[in-house]
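The values are calculated or read from the model by the stated rules, or taken from the named source; none is laboratory data. Not measured: the values here are computed from a predicted model. Reconstructed Cβ throughout: ideal geometry from the backbone, glycine too, with neighbour counts over all protein chains shown.
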Amino acid sequence: MFKLIQCAENTYYLECYCNTGVYDLGNGEVILIDSCDHKKSVKDLDKALEERGWRVRTIINTHCHVDHIMGNKFFKEKYGCKIYSSRVQSALTEEPAVELNFYFNGIFPRFNNEAFFEMIKAPCEIFSDDVLPEGFETMLLQGHCIDHLAVKTPDDVWFVGDCVLAEETFNSYKIPFFGNINKSIETAELLPSLLKGKLFVPSHSRPCEDIAPLAKINAGRLSSLKDYFYNICENKSLEEILAFADGDLELHLNEDKFAKIGYTVRAIMQALIEDGKIAARLEESRLVYKKL
Ligand SMILES: [Fe+2]
């Protein structure tokens, strides 16, 4: 069972795959930051709320990825709470088919399955500062996805979502999901000066009092991935690049990983194009990358 951990006077998080923030408003209501990753963690969080007599007033989603919004519909139906995210992410949270089709179209029928979407989708409104009580702070952080939202509670605890990932995630996935590589590196480099707080809770890493070491790891690992793909991409198509990396980095690709890692590798190629280091050329009906 996933436990609700108190990490400051009124700030808690459910220690699950997607650390889900809970802020006690003191009147029997709580604000959630994200809404868990799985039906099991949603159930455990709701049990912890019931034990304390808490009702969900508001959910703030850091972004639309399914491992952050799994409880949206459940909590909306149970408590009638409002759900918010940034302008772009609120649209994608409300219609998860859009986001998932970016990665899985042509690969997985189950991600074009209306029943799956119906299980998770709930109305999501555009966040504005007046949604949260005084003392909260938010910041848009680019890179992992467009307009990813970080939230600070009045206890000075930042919930930073997926703007940085755990070193273990880089070690196990080798190429974890990032939608815009150059913006992710810039965000990681600026993070220690952008966010001031007593505690930082990443969604998929242990909470820490200093975000700088994790941010440095993220910037370094993403820069290394750019260097790696620059070195192997000459005259190769995306599928040839992925096939080479699969053997070389022991990615153990399957259809699911092909979709997710392929998305990040395209983002890495885009970053190299932005840097002026490579170009994409169509040759004999193949899109291949060329060093400049
Ligand atoms: Fe994510």
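Within region 97-108, residues that are loosely packed, with under 13 Cβ neighbours inside 10 Å reach partners that are modelled with pLDDT of 80 or more and of a type in the set (Ser, Thr, Tyr) with beta carbons closer than 9 Å, at six or more positions or on different chains, in the pairs 102/263. Does region 166-173 contain any residue that is modelled with pLDDT under 95 and within 15 Å of the ligand (Cβ to nearest atom)? Yes, the conditions are met somewhere in region 166-173.
Scanning region 37-75 for residues that are assigned to a loop (DSSP other than H, G, I, E, B) and either more than 22 Å from residue 158 (Cα to Cα) or in contact with a Lys or Arg (Cβ under 9 Å, 6 or more places away or on another chain) (or both) returns 38, 53, 70, 71. Applying the criterion of at least 2 residues that are in the same structural domain as residue 144 (by TED's automatic domain parsing) and within 23 Å of residue 43 (Cα to Cα) to the helices (runs of 4 or more DSSP H) found wholly in region 76-123 leaves 87-94, 114-120. The numbered conditions (1) modelled with pLDDT under 95; (2) exposed (fewer than 14 other Cβ atoms within 10 Å of the Cβ) are all true for residue 235 except (1). Screening residue 273 on (1) surrounded by 13 or more Cβ atoms within 10 Å (Cβ to Cβ); (2) closer than 25 Å to residue 36 by Cα shows it passes everything except condition (2). In region 143-158, the qualifying residues are those that are more than 21 Å from residue 261 (Cβ to Cβ) and within 13 Å of the ligand (Cβ to nearest atom), and the one that is surrounded by the fewest Cβ atoms within 10 Å (Cβ to Cβ) is 147. Across region 124-142, the qualifying residues are those that are farther than 17 Å from residue 57 by Cα and part of a strand (DSSP E or B), and the one among them that is nearest to the ligand (Cβ to nearest atom) is 141.
Six or more apart or on different chains, Cβ under 6 Å: which pairs go from a residue in region 45-63 that's surrounded by fewer than 19 Cβ atoms within 10 Å (Cβ to Cβ) to one that's among the aromatic types (Phe, Trp, Tyr)? Could you list them? Here the result reads 55/79, each pair linking region 45-63 to a residue that is among the aromatic types (Phe, Trp, Tyr).
Of the residues making up region 1-33, those that are assigned to a loop (DSSP other than H, G, I, E, B) and among the charged types (D, E, K, R) are 3, 9, 15.
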